[in-house]
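For reference, the structure is listed below as structure tokens.
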Amino acid sequence: MKRHVFSTAAFSGAFIAAATFASPAVAQERYITIGTGGQTGVYYVVGQSVCRMVNRGSDEHNIRCNAPSTGGSVANVNGMKSGELDMGVVQSDVQYRAYHGEANFEEEGAWEDMRAVFTMHGEPLTVVARADSGIENISDFPGKRVNIGNPGSGQRNTMDVVMDAFGWDEDTFALASQLDAAEQAAALSDNNIDAMVYVVGHPNGSIQEATTTIDARLVSVTGEEIDGLIEEYPYYTRSVIPGGLYRGNDEDVETFGVAATFVSSTAVDEDIVYETVKAVFENFDRFKRLHPAFENLSEEDMISDGLTAPLHDGAARYYRERGWIE
Ligand code: GLU
């Protein structure tokens, strides 16, 4: 009995010694989580695609990446602030306001630890209305049932600014619903709302769903209030959604838009962000094939446009190595 106890102790002691001895060789696995958006949007594909590139190299760098669906831009900013998320996709207007602590981020104050990584595709403010709703421009919204978006989404953040510009509040509408991005198309088809608002890249699953199940139109977002926003804010630009992307929508539609940006924070290791951007840019052709909205991405635009916060040290290190920045 005694001998048995002794040998067990000796065995576990040897085991611990072996494990301790082995640990420097077997590098520790590190996990990163990227905040995206609704599953029928494009952010979800951005996160999944970045993770796919990162996870291809897990054997070498030991980083494992996952990209769950979230409430969108603002939820991603909050998730990175709290440390729940390491990186996230965020609209360029939300990046600007969160970094500077302006507009709807004024109360929380500037988030100076935010770091830019790269910019992705363009995101026009997209209004889809039921064909029988009588809405032909965003200015026809008063008195209608409009989904202004869930509070964690980027479109809600942008809509707050648009509503301010028009002098609207929630009482302006017959209904101001706050459905998640992924719920909007069904609500439109079921005739629970007249219009949905989505700041999103094209083509995407949500608007495909809305336009194939019922007769729905992408309507223009123009007028002097919109001109005023484009003039006032550096991150808003005129934008055209090309015709022919969705059933029953053959004409180009004028609107304004932002860019989707990929951000992180100073709390995330330089090495992790370095390996992430390296994985994307070293597999860039493969990456661009993962969604039609990525097709026209270019390295040059991705590291210069739409970025407000300073570049993350890990991203800057890789871009310097490639000779893209000084
Ligand atoms: N722009 C939207 C947001 O910030 C998300 C768009 C998407 O999921 O592609 O919430």
If each of Asp113 and Arg286 carries a label point 7 Å out from its Cα toward its Cβ, how far apart are those two points in nm? 3.3 nm
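Quick one, what does Rg over Rh come out to for the chain if you take C-alpha atoms and the Kirkwood Rh? Don't skip to the answer; put the middle values down first.
Working: Rg = 23.2 Å, Rh = 21.2 Å.
In the chain, Rg relative to Rh is 1.10.
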Compute the accessible area per residue over the stretch 149-301, keeping the other protein chains in place, probe 1.4 Å, unit Å². 43 Å²
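Using the Cα gyration tensor of the stretch 88-186, with a ≥ b ≥ c the square roots of its eigenvalues, what is the shape: rounded (a/c below 1.5), prolate (a/b larger than b/c) or oblate (neither)? Walk me through the numbers before you get to the answer.
Numbers: a/c = 2.39, a/b = 1.74, b/c = 1.37.
Here the stretch 88-186 falls in the prolate category.
If you roll a 1.4 Å probe over the chain with all protein chains in place, what percent of the accessible area is carbon or sulfur?
Values: 6980 of 15060 Å².
Carbon and sulfur atoms account for 46 percent of the accessible area of the chain.
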Can you give the % of DSSP beta bridges in the chain that are antiparallel, to the nearest 5? 70 percent
Gain in span if fully extended, Lys81 to Asn296, counting 0.36 nm per residue against the direct Cα distance: 74.3 nm
With springs connecting C-alpha atoms under 10 Å apart, model the chain as a Gaussian network and identify which of Ala185, Ala103, Ala116 has the largest mean-square fluctuation. Ala103
Everything considered on the Cα gyration tensor (a ≥ b ≥ c; rounded for a/c under 1.5, else prolate if a/b is larger than b/c, else oblate), the stretch 217-306 must be described as oblate
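Where a ≥ b ≥ c are the square roots of the eigenvalues of the C-alpha gyration tensor, would you call the stretch 52-110 rounded, which needs a/c under 1.5, or, failing that, prolate if a/b is larger than b/c, or oblate?
Note, shape of the stretch 52-110 comes out prolate.
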Convert 4 °C to kelvin, take the viscosity as 1.567 mPa s, use the Kirkwood radius over C-alpha pairs of the stretch 114-155 as Rh, and evaluate the Stokes-Einstein diffusion coefficient in µm²/s, rounded to a whole number. 98 µm²/s
Heavy atoms of His291: accessible area, 1.4 Å probe, square angstrom to 10: 20 Å²
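The values are calculated or read from the model by the stated rules, or taken from the named source; none is laboratory data. Since the model is a prediction, treat every value here as computed from it, not as a measurement. Virtual Cβ from ideal backbone geometry, glycine too; neighbours counted across all protein chains shown. Note: areas computed on protein heavy atoms with side chains; ligands, DNA, RNA excluded. Shrake-Rupley method; radii C 1.70, N 1.55, O 1.52, S 1.80 Å.
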